[in-house]
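Since the structure comes first, as structure tokens, the remarks are kept for the end.
The values are calculated or read from the model by the stated rules, or taken from the named source; none is laboratory data. Owing to the predicted nature of the structure, the values given are computational and were not obtained by experimental measurement. A quick note on method: Cβ atoms are made from the backbone with ideal geometry, for glycine too, and the neighbour counts reach across all protein chains shown. Note: areas computed on protein heavy atoms with side chains; ligands, DNA, RNA excluded. Shrake-Rupley method; radii C 1.70, N 1.55, O 1.52, S 1.80 Å.
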Amino acid sequence: MTLTVQFMSMLSMAAMGVWLGAAIDTYSRFVGKRHSFDSRTALLDLSFWTVQAILIFYILYQVNFGEVRIFVFIALLLGYAMYQALFKSFYNHALEGFITFFMKLFSLLLYVLKILILIPIKWLLHICRRLAMMIVLTLWSLVFYLLVKPIYFILSLLGVVKVLKKGQPIYEKIKGFCSRLMKKK
């Protein structure tokens, strides 16, 4: 391995150490503090470290065709220490700012969608419901006044309505008798 390849390997692994520090802080910010160990935690940790290892090895492969030497690990540790000493507070502050910005942007988008889509749809459905009720009431009134009223008038002229009204107490007695029979069982 030439001196230039070694220098590029050290430089890229130091940068990957800084990346690793930032990734660990980002991961711990989104996962949160863990009070117990469970399968979800194990799966998340395993996938996180697998992705980080793949990224580091990919960069190493691009720089020196994947030759792993002791200075690669030293450069990773150096980059991680450099992140901890120089960039951690700035990065965590910037990360919180980005998270706050995107949360506010997301809530703004939800508000705009509510104003532009949800409220007009609710208003439209309300108007459609009112129109449907007006149509149903109009049709019912037409049916009532064009069919039921004339039939009632003709039946009252024939005297059927008086007979039905006289039979109402008998109907009530039969209905009460049937309900008492049903209660006894």
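Some notes on this structure:
- Rounded to 10°, Cα long-axis angle of helix 119-143 versus longest principal axis of the chain: 10
- Set of lysines with alpha-carbon distance to LYS165 below 16 Å, sequence-local pairs under 8 removed: LYS173, LYS175
- Ordered by solvent-accessible area of protein heavy atoms (1.4 Å probe), largest first, the residues HIS35, HIS93, HIS126 come out as HIS35, HIS93, HIS126.
- The heavy atoms of ARG40 present about 150 square angstrom of accessible area, all protein chains included, probe 1.4 Å.
- Cα→Cβ-extended label distance, 7 Å offset, between ILE115 and PHE30, nm: 3.0
- Ranking by accessible area, most exposed first, for LYS104, LYS166, LYS149 with a 1.4 Å probe: LYS166, LYS104, LYS149
- Summed over qualifying helices (DSSP H, 4 residues or more, each -39500 (n - 2.57)) and divided by its residue number, the chain shows a 222 nm mean residue ellipticity of -28500 deg cm²/dmol.
- Cα centre as origin, Lys/Arg/Asp/Glu Cβ charges: the chain dipole, Debye: 2620
- Counting heavy atoms of the protein chains alone, VAL148 has an accessible area of about 60 Å² for a 1.4 Å probe.
- Qualifying chymotrypsin sites (Phe, Trp or Tyr not before Pro) for region 11-66 [loop in DSSP, other Cβ within 10 Å: at most 15]: PHE37, PHE65
- Between 0 and 90°, nearest 10: helix 88-113 axis offset from the chain longest Cα axis: 20
- Label-to-label distance, nm, for residues given as GLN52 and PHE73 (7 Å Cα→Cβ offset): 1.6
- Rounded if a/c under 1.5, otherwise prolate or oblate - region 82-176, Cα gyration tensor axes: oblate
- Percent accessible area from carbon and sulfur atoms, the chain, protein chains only, probe 1.4 Å: 76
- Note that the chain presents 82 Å² accessible area per residue, ligands and nucleic acids not counted, probe 1.4 Å.
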